[in-house]
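As structure tokens, the structure follows; a few thoughts come after it.
Please treat every number below as a calculation from the coordinates, not as lab data. On a predicted model such as this, the values are computed, not experimentally measured, just so you know. For neighbour counting, all protein chains shown are included, and Cβ atoms are generated from backbone atoms with ideal geometry for every residue, glycine included.
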Amino acid sequence: MPTCAIADDHPVRRAGLEKFVADSDELSVAASVRSIEELVGVAPFDVAIVDVPLRSGGPALAAIELLAARCPVVVTSSWERPLTFGALLRAGARGYVAGHSDGQVIVSALVTVARGGFYVCPELADRFHAELLPGLNADPAGLAPREAETLHWIARGLTHGQIAGRMGLTEATVNTYAKRIRAKLKAGNKAELTRIAIERGHVRGDDHRFPAA
């Protein structure tokens, strides 16, 4: 059975991760600590899941890179400003899951990565796609990647609060993005934004399942 190390400086989140792993019949907990540095000297383990605060930016990536040299790493995203996929991949991470993912998603990510695979939770899949293939739905209005992602979720009918949760942002930041998008696209309401999003390939017509007005 693969063994898992957990590094998270928030005790409640760390306890939740411990429970997810311990309750699984596919993994066992090798160590549970506050920081990656505390894993030095711990007996070998097969996979690690970490939530590294972004307060220090570069050192966060350096810590992930250090751990990735030892074992496959899954990163959780509970930061207000999460790291980009490109940065995480360059640091050696093999999995990325939203911080509020349920136990099944967490375990699936850890098992997949422990077996040599790569995992992005379904909630972050669109963002992963948008970041790694930024030119696929390039917009002549000049939307930034995060603005294009925001437009996608607006067109899907999500509220600004729901979009903030999916993108790892504050609702105020999503509000700012929405204002910029409306200005760039000269759209006055959600219905117009949805129409433009469909026309420009940010979302398919049959993807929109909620009222946009």
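Please report the net charge: other residues with Cβ closer than 12 Å to the Cβ of LEU39, K and R +1, D and E -1.
With Lys, Arg at +1 and Asp, Glu at -1, the neighbours total -1.
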Expected vector for the stretch 144-155, Karplus 3J(HN,Hα) from phi with 6.51, -1.76, 1.60 and θ = phi - 60°, integer Hz, x for Gly and Pro, equals 5, x, 6, 5, 4, 5, 4, 4, 4, 6, 4, 5
What does the charge count near LYS19 come to, summing +1 for each Lys or Arg and -1 for each Asp or Glu among other residues with Cβ under 13 Å from its Cβ? -2
Please find the FRET efficiency linking ALA172 to ALA43, where r is the Cβ-Cβ separation and R0 is fixed at 35 Å, and quote it to the nearest 0.05. 0.20
